[in-house]
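What follows is one structure encoded as structure tokens, with my remarks underneath.
The values are calculated or read from the model by the stated rules, or taken from the named source; none is laboratory data. The structure presented is a predicted model; accordingly, all values stated were derived computationally and were not measured. Every residue, glycine among them, receives a Cβ derived from its backbone with ideal geometry; neighbour counts consider all protein chains shown. These accessible areas exclude ligands, DNA and RNA; they are computed on the full protein's heavy atoms, side chains included. Shrake-Rupley method; radii C 1.70, N 1.55, O 1.52, S 1.80 Å.
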Amino acid sequence: QYYIHIGDDRYVDLGLQTHRVKCRVHKNFKLILIAEKKTVYDKFPTPLINRLEKHFVLTSSVLTKWQLDLLSEFEEWIHITSCIQNFTEKDAFVGYQNDTPASVIFQATRQLNNLKEKALRDNDNMFNIPLGCTSLNEIVVADEDSCVWKEATLNYSKWLLLQTSPPDAVYRLRTETVQLLKDEKDRLVNLYFTDQHHSCLVDFLHYHLSQETSCHDGGLMMQVTTHSHLLSSNEMEEMLQSLPMIERSHVNWLLLQQFETELDFTNNISPAFQRQAGQSHDSFLIINWSLMRGQSYLE
């Protein structure tokens, strides 16, 4: 943020304890540091914070006007479906944060665009948006600011967020009498337990890994939270035998507890995210871990 100009060159003071030196800075140099707010407040030294120009970034800040309009309606739906019997949004959706609704809207828009491009490329419009009657055939010709596209995005956002709900939160919807949910709660319950396959891990993986339902060109990253025990090696082999689209030789199964440092963990999983030259198959990485209260295996 602060430079000393000498002729046509720019210099900045760098200091280590009492030793300071002026270093020349290239004219095109830019330093962008991204960190969580809590990390900045708790760990960053004050001189570093003062030296940088600061911006507080939320997902909502990258949304367009029509997405922001949807965000308000989506947040109202989240509040109604979750704040039942003294429960909160964090009880109804695993990992819920204040920025979650905007992130879901952003992701839903991106995935719908992927589906739209795939439909145009493959001439395949056989797809219905969950929780609504909008078909892909309708949104292929719809503009992003049209009512059809907005309805499809809102319904798809509900579908995405519903995947993070624990079963008890979905069961609580049956007791809710709010008019806004009367026409929707039965569909939500049926969608969660039937279409999204939360009752069976094999069905869940088969559904998301199938070519027909996948709209993630860059791959899939999924977190499954359960109160059950961790999968044993025998159970893992049995599960993989039920998934014919996955070759056993392409699967890497790890226990998080086997790593002592974050560097060891990063080095071990990096090959799964890097397609080697001439590699035509996809990698399948499974990380098993048990997170105990008050304990974190990775910082």
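Worth a mention:
- Boolean, L68 is surrounded by 12 or more Cβ atoms within 10 Å (Cβ to Cβ), free of Cβ contacts under 8 Å to residues at least 40 places away in the same chain, of a type outside the set (F, W, Y) and under 18 Å from Y156 (Cβ atoms): yes
- Selected residue (criterion: least open to solvent (accessible area, probe 1.4 Å)) from residues of the range 1-48 that are closer than 24 Å to N98 by Cα and not in a loop (DSSP other than H, G, I, E, B): V40
- If you go through the range 32-46 and keep only what is among the basic types (K, R) and closer than 16 Å to L58 by Cα, you end up with K37, K38.
- Taken over the range 238-264, the criterion of being open to solvent by 70 Å² or more (accessible area, probe 1.4 Å) and more than 25 Å from the chain's Cα centre (by Cα) is satisfied by E238, Q241, P244, E247, R248, S249, Q258, E260.
- Test: residue in the range 201-211 that is in a loop (DSSP other than H, G, I, E, B), modelled with pLDDT of 75 or more, in contact with a Leu (Cβ under 9 Å, 6 or more places away or on another chain) and not basic (K, R): no
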